[in-house]
Each structure stands twice: as structure tokens, then as C-alpha cells.
Amino acid sequence: MVQLLDPLLIVALVLNFAALGVSRIRGVINAVALQGILLGILPLIVHQEIGPRGILLVIATIGLKGFIIPAFLVYAMREANIEHEVRPIVNYMSSLLLGAFGTGLAMVFSSTLPLAQEHADVLLVPASLATVWTGFLLLTTRRKAIMQVVGYLLLENGIFLFGLLLLEAMPFLVEVGVLLDLFTGVFVMGIIIHHISREFASISTEHLTELKE
């Protein structure tokens, strides 16, 4: 099954570019949901003898990243009545170019790291760094709160990918803590989205400074 690792990571990288280049919010959410499902499968490939702890992590990851959180974001999008990111801070072509530049740097930088041989021969570290970069781009270059939540999800996806290198050594409670932090962050952003949409005609985070209790 190890030979499937690099093709799946390439698909995950393609989904990063889909998130950067698509203006339709539902399409971006679907891309991140698909990436979450792929990430949930990867522990079974990277560590074929992961035991019950790893199986629970796989189930929790696929459930949260692939279905529960995307469904929550789709609901928030419908409640806020917003379909597109119309005026990003950085346009979509420039975002794609920045994404490609960051992915290239991730490839170069990962080749300089003192990794174990089995990790140096796969795209796990470059994909994790590139996904963190993509999440950072969405967080900083999009105005809509929902898109920034998606950026947060991508950022955590990159951290999760890097954590696969240490899955056997990392305590189960730490992994669960990461997923709980992710869910809590999305929940808080959902509250912010609700208040922005209730007070204003759009859910641009530019209005955050005008919100009052």
C-alpha cells in the first residue's frame, strides 16, 4: 500500500490549488472535505500496523474533516446567504502563483532536512509544508470569514500530515487534542460568522471592528 502514498499526496496538493483558485465557496469546502478524507486514510498507509489507537484516529479524522466540519460550513454559508468570495485581498491568479512558489520552496526545503530514509523518499514532508502555506495564504488573503475558516482547516491539515511521521510515538490523547482544537476553532469561527451575518449584509471580516455586544 505504500506505493499509493505519493499519488494520494499529489491529489492533496492539487486540492490545495483548487482551494486557492476557486471563487465559489461551496467548491472550496468540497475540496477541503475531500482532502480531509484523504488525510484520514493516510495513517493506514504510512503505518500499516497502527493498532486500535490509530484506527480510532482514522475514524475521527474522516468523520470530522470529511463530513461534520464541511457540513457545518455549508450550513453557515447558506445561513449567511453567500456563495462567492468576490474581492479577495490577493486575486486568484496571484494566489495560485504564490501557492506554486510556496510548494516549490517546500520541496526544496524538505530535501535539506535530516529525515529518515523511508520519509525522505516520499512527498509527506513537502506536502505538509505546502498545505500549511496554502492555509496561511487563505487566512491572510481572503475577506470572507468562511474562507478564513477553510484556511484554518488547511493549516491544520498540513500539521496533521507532518504529525504522521510521529504517529507511533505520539500519545493518542495528543492526537485527539489536535482534533478537538480544530473542532473548537471552527465552532468559534461559526459564532463569528453568525454575528457578522446578523449585523451586516455580508460576512467580510472587515466588519469585525464594528461588531458590538
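Each value in this text was obtained by applying a stated rule to the coordinates, not by laboratory testing. The shown structure was predicted, so the numbers you read here are calculated from the model rather than taken from an experiment. As a convention, Cβ positions derive from the backbone with ideal geometry for all residues, glycine included, and neighbour counts pool all protein chains shown.
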### Summary
Output row, site Arg78, 7 Å Cα→C-beta label point, backbone N cut-off 18 Å, window segment 1-43, residues 25-31, 33
### Query
Kirkwood Rh, Cα Rg: Rg to Rh for segment 28-162?
1.01
## Note on the structure
Proxy exposure order for Ile10, Ile62 (fewest C-beta within 10 Å first) is Ile10, Ile62
### Summary
Charge tally for neighbours of Ala33 with beta carbon under 13 Å away, counting Lys, Arg as +1 and Asp, Glu as -1, is +2
### Query
Of Leu166, Leu15, Leu123, how do they rank once you tally other Cβ atoms within 10 Å and put the fewest first?
Leu166, Leu123, Leu15
### Query
Once fully extended, how much extra length lies between Gln48 and Ile68, figured as 0.36 nm per residue of separation less the alpha-carbon to alpha-carbon distance?
4.6 nm
